[in-house]
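Written below as structure tokens is the structure these notes are about.
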Ligand code: CTP
Ligand code: MG
């Protein structure tokens, strides 16, 4: 069977500061979400695609439908948005689920395919990762330095993250049952270690173009990459 894709696009984009949902912010004349959904389409891995949109939205919903995806109102946090999308997929038995940030709008389709391929090959949880480029220090609550962390053992985690569908549903349900603050859940794979201990989270190489558009500088970088791709 095919994969289901969950594209989370219900955030407000506070750090980007455009006064509109981040997924609607134009990049090369099209909303971020259009780029993200184009990448999912080009990867050719997803049967159904569910897109979480902000409450009261009409524009992102229309865009999702025009791209053949199904909009659903998201929640107050990313984790709650993922749960709402999974509820739409209840009753489905996809080969796997890809959970992807709309904000990683220039993710190369090859990354989506690599994650899906690993799930298809039997991995139950897969994350794309990249090396950490800065030297990293641990600090205490007052900001006092506790020393440098060995960067060579660290990876930054991107999306799409790929899962066995039953596992993804189970770890979200377990986190909810445990009363975990959804705002503290920054990605889905971290729930696997917390609620399905012993289940390996496998890594595949991510890509520098899969960075998350978070702050204004990130949008400038995305614009530069688009212009370069046009040349
Ligand atoms: N997201 C979501 N529902 C939420 C919060 C976030 O679907 N309640 C999505 C965002 O739309 C984004 C992804 O999760 O594609 C990653 O979140 P983030 O980069 O934090 O986006 P925002 O929450 O929109 O940005 P900010 O935190 O600056 O407001
Ligand atoms: Mg956010």
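Across the range 7-22, no residue has a backbone nitrogen under 13 Å from the label position 7 Å along the beta-carbon direction of residue 217.
Computed over the chain with a Gaussian network model linking Cα atoms closer than 10 Å, the most mobile of 210, 103, 76 is 76.
How do the peptides 67-73, 159-165, 125-131, 11-17 rank, highest first, by the average count of neighbouring beta carbon atoms within 10 Å per residue?
159-165, 125-131, 67-73, 11-17
In terms of its Cα atoms, the range 1-42 spans 40, 20, 10 Å along the principal axes, sorted from long to short. Once both labels are positioned 7 Å from their Cα atoms along Cα-to-Cβ, the gap between residue 139 and residue 224 label points is 2.6 nm. Gyration tensor over the Cα atoms of the range 89-153: the corresponding equivalent ellipsoid has semi-axes (square roots of 5 times the eigenvalues, largest first) of 34, 15, 13 Å.
Taking every DSSP bridge with both residues inside the chain, close to 40 percent are antiparallel.
For residue 231 and residue 184, the difference between the fully extended length at 0.36 nm per residue and the C-alpha to C-alpha distance is 12.8 nm.
Which whole-number value in Å³ per residue fits the convex hull of the alpha carbons of the range 15-108?
Numbers: hull volume 9.9 nm³, N = 94.
It comes to 105 Å³ per residue, whole-number rounded.
Semi-axes, largest first, in whole Å: what does sqrt of 5 times each Cα gyration tensor eigenvalue give for the chain?
Values: eigenvalues 124, 109, 70 Å².
Ellipsoid semi-axes (Å, largest first): 25, 23, 19.
Once the Cβ-Cβ distance between residue 59 and residue 129 is put in as r, and R0 is 25 Å, what FRET efficiency do you end up with, to the nearest 0.05?
Working: r = 33 Å, r/R0 = 1.32.
That gives a FRET efficiency of 0.15.
From the alpha carbon centroid of the range 96-165 to that of the range 53-86 is 23 Å.
Every number in this text was worked out from the coordinates using simple rules, so none of it is lab data. Being a predicted model, the structure only gives us computed values, none of them experimental. Neighbour counts run over all protein chains shown; Cβ positions are idealised from the backbone, glycine included.
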